[in-house]
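Worksheet: one structure, shown below.
The values are calculated or read from the model by the stated rules, or taken from the named source; none is laboratory data. Worth saying up front: this structure is predicted, and the values here are computed from it rather than measured. As a convention, Cβ positions derive from the backbone with ideal geometry for all residues, glycine included, and neighbour counts pool all protein chains shown. When the accessible area is computed, the model is the full protein with side chains, heavy atoms only, and any ligands, DNA or RNA have been set aside. Shrake-Rupley method; radii C 1.70, N 1.55, O 1.52, S 1.80 Å.
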Amino acid sequence: MTPPQARRPIVAANWKMNTGPADGSELARAVAAQDLPFAQVDVVLCPPSTGITSVAAAVRDSPIAIGAQHVYWETDGAFTGEISVPMLSGLAAYVIAGHSERRQLFGETDDDVRRKTLAILAGGLTPIVAVGESLDQRDAGQTLGVLRSQVTHVFELLTPEETAASVVAYEPVWAIGTGRNATPQQAQEAIGWIRDTVAEAQGSTTADQVRIQYGGSVSPENCEELLSREGVDGALVGGASLDAAKFATIVRAAAP
Ligand code: PEP
């Protein structure tokens, strides 16, 4: 029996609503100038929509990939303020779907996340599907059920190939932007549950292939112990990704 191929870690920077076209390109160039282990780790920058074009141009000569923070699932039409997957053509390779800020502040539902994920895959891009429990849910012992439900909702409709090509970000809501990261043990346990859920929906070969990141207050101080855990395939980084040197430290920690 052939052993499963090692999963390539992926570290993505979620700049959220920070940086415009000019300072975004400057930050991207600063990241590209760091000593990064591109041979071992996929590196993705997700600027706000208005910065995608300039940031993509700034890193054109580097292996850094671009991600969008949001898309709408329709391809075009009367959807004021939205951008679609085809509009990212030639610019972005990844799109975040289901970030907890979008779920909490903009009312995105599991159905929306599913539609977005299907549209991202149909357009040939890679979704980074974010899932995670709130503090109340964790305290009530509901973490496994919440993750199971969020993951199943998105992945049950995908083919095994689409699932294997996707990235999942385990992001406990209570750890995002709070400075309170999950312990390495909590992160590893939850990621194990997510992988088990994917295995139930799509089989264990597919579950072995899907990359599952941890996200939530990842920093240069905690990245080593979080990212060295078996099954943690990199990170989705918010605050610390706005500093090129800090982000680079996290990327290096993800290298096997
Ligand atoms: C995020 O935005 O996905 C995130 C994890 O943010 P932070 O690293 O700031 O907690």
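Bin width 5 Å, origin at 0, all Cα-Cα pairs of the chain: what percent of pairs per bin?
Per 5 Å bin, starting at 0, the Cα pair percentages come out as 1, 7, 14, 19, 21, 18, 12, 6, 2, 0, 0.
Hey, what's the Cα Rg ratio for region 158-207 versus the globular rule of thumb, 2.2 N^0.38 Å?
1.32
Over the chain, what percent of the accessible surface lies on carbon and sulfur atoms, probe 1.4 Å?
Of all accessible area on the chain, carbon and sulfur atoms account for 50 percent.
State in Å² the accessible area per residue of region 153-235; use a 1.4 Å probe, count heavy atoms of protein chains only, and round to the nearest integer.
About 39 Å² of surface per residue is accessible.
What is the ratio of the Cα radius of gyration of region 212-256 to 2.2 N^0.38 Å, where N is its residue count, to two decimals?
Normalised Rg, Cα atoms only: 0.98.
Can you quote the Å³ per residue value for the convex hull of the Cα atoms in region 45-176, rounded to an integer?
About 115 Å³ per residue, rounded to a whole number.
In Å³ and rounded to a whole number, note down the convex hull volume per residue for the Cα atoms of region 81-144.
Normalising the Cα hull of region 81-144 by residue number yields 94 Å³.
Going by amide H atoms built from the backbone, whose H comes under 5 Å of the H on Leu45, apart from near neighbours?
Ala13, Ala65, Ile66, Gly67
Using only alpha carbons, build the gyration tensor for region 112-158 and give me the equivalent ellipsoid semi-axes, biggest first, whole Å.
Each semi-axis is the square root of five times an eigenvalue, giving 25, 10, 7 Å.
About the Cα centre, and with charges only on the beta carbon of Lys, Arg (+1) and Asp, Glu (-1), how big is the dipole of the chain? Nearest 20 debye, please.
Dipole about the Cα centre, nearest 20: 320 debye.
For region 1-128, with every protein chain kept in place, what is the accessible area per residue (1.4 Å probe, Å²)?
On a per-residue basis, region 1-128 sits at 49 Å².
With springs connecting C-alpha atoms under 10 Å apart, model the chain as a Gaussian network and identify which of Gly231, Gly192, Gly81 has the largest mean-square fluctuation.
Per the Cα network of the chain with a 10 Å cutoff, Gly81 tops the list.
Going through the DSSP H helices of the chain, which span 27 Å or more along their own axis at the Cα atoms while scoring at least -0.5 as a mean Kyte-Doolittle hydropathy?
Membrane-span-like by this rule: not one helix.
In percent, what relative contact order does the chain have, based on Cα pairs under 8 Å that are 6 or more apart in sequence?
22 percent
Considering only C-alpha atoms, what is the centroid distance from region 104-164 to region 46-62, in Å?
26 Å
What Rg and what Dmax come out for region 3-102 when only alpha-carbon atoms are used, in angstroms?
Values for region 3-102 (Cα only, Rg and Dmax): 14.3, 49 Å.
Could you pull the Cα extents of region 109-256 along its three principal axes, largest to smallest, in whole Å?
Its Cα atoms span 38, 36, 26 Å along the three principal axes.
Can you tell me the dipole magnitude for region 63-210 around its Cα centre, using point charges on the Cβ only (Lys, Arg +1; Asp, Glu -1), in Debye to the nearest 20?
Charge dipole of region 63-210: 260 debye, to the nearest 20.
Report, by chain and number, residues whose modeled amide H sits under 5 Å from the one on Ala97, excluding near sequence neighbours (fewer than 5 apart, same chain).
Ile128, Val129, Ala130
Spelling out what I want: for every residue of region 41-48, take phi, set θ = phi - 60°, compute 6.51 cos²θ - 1.76 cosθ + 1.60 (Karplus), and round to whole Hz; glycine and proline get x.
Values per residue, Gly and Pro as x: 9, 7, 10, 10, 10, 10, x, x Hz.
Kindly write out, for region 69-78 in residue order, the coupling ³J(HN,Hα) from the Karplus curve 6.51 cos²θ - 1.76 cosθ + 1.60 (θ = phi - 60°), rounded to whole Hz, with x marking Gly and Pro.
Per-residue couplings from phi come out as 8, 6, 9, 9, 7, 6, 8, 6, x, 7 Hz.
Not counting ligands, DNA or RNA, and with a 1.4 Å probe, what is Ser54's accessible surface area in Å² rounded to the nearest 10?
Accessible area, nearest 10 Å²: 30 Å².
Using only Cα atoms, what is the ratio of the radius of gyration of region 170-256 to 2.2 N^0.38 Å?
1.08
Kirkwood Rh, region 192-232, all Cα pairs: how many Å?
About 11.3 Å for region 192-232.
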